[in-house]
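Notes to accompany the following structure.
The values are calculated or read from the model by the stated rules, or taken from the named source; none is laboratory data. The structure displayed is predicted, hence computed values, not measured ones. Positions of Cβ are generated from backbone atoms using ideal geometry, with glycine treated the same way; all protein chains shown enter the neighbour counts. Surface areas here come from the heavy atoms of the whole protein model, side chains and all, with no ligands, DNA or RNA. Shrake-Rupley method; radii C 1.70, N 1.55, O 1.52, S 1.80 Å.
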Amino acid sequence: MSFKCCAIVPSYNHGHSARQVVGRLRAVDLTVFVIDDGSDAPAREVLAALHAPDSGVIVHRFETNQGKGAAVMKGFDLARAAGFSHALQVDADGQHDLSELHRFIALAAAHPDSLIAGKPVHDATMPWSRRIGRSITHFWVGIETLTWHPVDSMCGLRVYPLEQVTQSQKNPRLGRRMDFDIEILVRLIWAGVPIFLVPVRVVYPPDNISNFQLVRDNCHIAAMHTRLVLGLLLRLPTMLRGRRPSSEVSSHWSSVAERGAYWGLNLLAMFYRVAGRRGCMIAAFPIVLYFNLTGAEQRRTSREFLRRAYRAKGVDYEPRWFDTLRHSFGFACKTIDTFAAWLGAIDPKTVAAEDKRGPARIAESGQGVLLIVSHLGNIEISRALLDHAQRSRIKILVHTAHAEHFTRVLRQFRPEAMADTIQVTDMNPGTMIVLKEAIERGDWVAIAGDRTPVKGDDRVSTAVFLGREAPFPQGPYILAHLLECPVYLMFCIRQDGVYRLYFEMFAERIRLPRRDKQAALRDWAARYAQRLESFSLIDPFQWYNFFDFWRMPPPEEVAAQ
């Protein structure tokens, strides 16, 4: 289903402010479903007067008050029936600054499977009783999800992906009053739905009408937390056990189960804040040891890569189990350093550039470029240490479904870490238009050159890598041809305690001929494979493709040459 967003405004006795909210939503051309939750006069008349289907405003009324949750869920039903894929929930009390609506909608369009949630920025008008109540609720949400989430679990400004909320909505015990915002957030986290945050100013005007009933709603919330904690206890064995590794050899990197349970990564990230890098590495060792001992497939592919790398370096050595453990621990250290960089805990002086002026010259020229990156070293370090203006220029093409646990945890601690990413499970014309516009603005589009396409019917070219032919994606070179821009390679490898950034031109322009196009693609893949091999031999233990890199796809998955 294509992205199509509407707005849902649940309202109970918010006449004047609801009319203003609807006006702001219509100003950005959103169809608005107003759910009158049994309002009294005169608010009832004000809301009824807003009903204008031909102008994009549909008002549905409950004759008796049923609660905010019931109103929002009715809005979900109406939105789905009208063919919408997403719904922006906006409280009718006018507390939220709606000037950032475009950011909510743009993020939802770029990440259609995610929840886009407001991160309130409160001012002095917020009552202390509200601050205390929110803190208590956030504490319990942390326990119920085994996470530390910066998400405000009571914020009433969110973009919901309707397909993802359908299952939660079917739960007959889902809160129907003020407990709704909290409970559906917890259930979406349990379901693995990614969350993006958008800061939003929230004010509490003196004449604000609050529908929060102190005794009734607190009782509902207390009962909800009891249900959720009991639900957590039922889920706990599965959450702690995580996904068991498959005994079968995977046919593609995207089908390799991401190892490392969500709770473990989250705990590791929080531990970093307490104990720092060294303490976190000590804490990570038993975790790495466990996953290394239980990950037969990862050990096998690690040993295969190291064997070929040693042979390419002219060393006759058969890797042992402690080599695969060192390889796995290197990945854990890379993960820790990524958290550290995004948390601002890594000194920029620990990152040295081989060509210090190269990236700066391109940035100053305002020219858009295509960056081919890889899963060698830690390219996230260099991105995290850029200032906001530079970082916002880099658009990363990713397949986040493969590493959803890591991206979810990183997003919790630094939401902007994933703000400039584009999902590329399917490269469609709409994505191409977005990328072309990015290049014309002078942005840098980054794509991995060492991962074959997620869709098996896409094209690959073979090239010799460490002495044996391996499949490489054609996507980077086809994309470069379509974008008509310079192409650069970027690697970031840790050497002698310093991350060294390598930035080099790969091609001024890639043009693919109509005739012998496949031969040209093979040539470009071979050139890239040669450079990737050269950099991987600097330190083979920083190669983080833990799958059978040389395994060719079945014949039916390879495009005709």
| query | Distance in nm between label sites at Leu289 and Lys349, each 7 Å beyond Cα in the beta-carbon direction? | reply | 3.6
| request: Using the Kirkwood radius over Cα pairs, work out the Stokes-Einstein diffusion coefficient for segment 15-152 at 20 °C and 1.002 mPa s, in µm²/s as a whole number. | output: 127
| remark: Expressed in nanometres to one decimal, the distance between label points 7 Å along Cα→Cβ at Thr64 and Arg514 is 7.3
| How big is the charge dipole of segment 1-84 about its Cα centre, in debye rounded to the nearest 20, if each Lys and Arg gets +1 on its Cβ and each Asp and Glu gets -1 on its Cβ? | 240
| Amide H partners (placed H, <5 Å) of Thr31, local residues excluded | Ala7
| What's the Kirkwood radius of segment 476-532 in Å, using all Cα pairs? | 12.7
| task | Please state, rounded to one decimal and in Å, the Kirkwood hydrodynamic radius that segment 459-561 gives when every pair of distinct Cα atoms enters the mean of 1/r. | result | 15.1
| query | What pairs in Lys119/Lys334; Lys74/Lys436; Lys170/Lys436 have C-alpha atoms more than 32 Å from each other? | reply | Lys74/Lys436; Lys170/Lys436
| said: Just the number please: accessible area per residue for segment 1-125, 1.4 Å probe, all protein chains included, in Å². | reply: 41
| request: Would you please give the FRET efficiency between Val464 and Arg278, computed as 1/(1 + (r/R0)^6) with r the Cβ-Cβ distance and R0 = 51 Å, to the nearest 0.05? | output: 0.80
| field | Solvent-accessible area per residue, Å², over segment 511-554 with all protein chains present [probe radius 1.4 Å] | value | 50
| said: Charges on Cβ only, +1 for Lys and Arg, -1 for Asp and Glu, centred on the Cα centroid of segment 82-127; of Leu101, Phe84, Pro112, which one is farthest towards the dipole's positive end? | reply: Pro112
| request: Jot down the radius of gyration and Dmax of segment 44-88, Cα atoms only, both in angstrom. | output: 11.4, 30
| message | What FRET efficiency comes out for Thr166 versus Ala106 if R0 is 22 angstrom and r is the Cβ-Cβ distance? Round to the nearest 0.05. | response | 0.40
| task | Be a star and scan segment 89-127 for residues whose amide nitrogen sits under 19 Å from the point 7 Å along the Cα-to-Cβ vector of Ser2. | result | 105-113
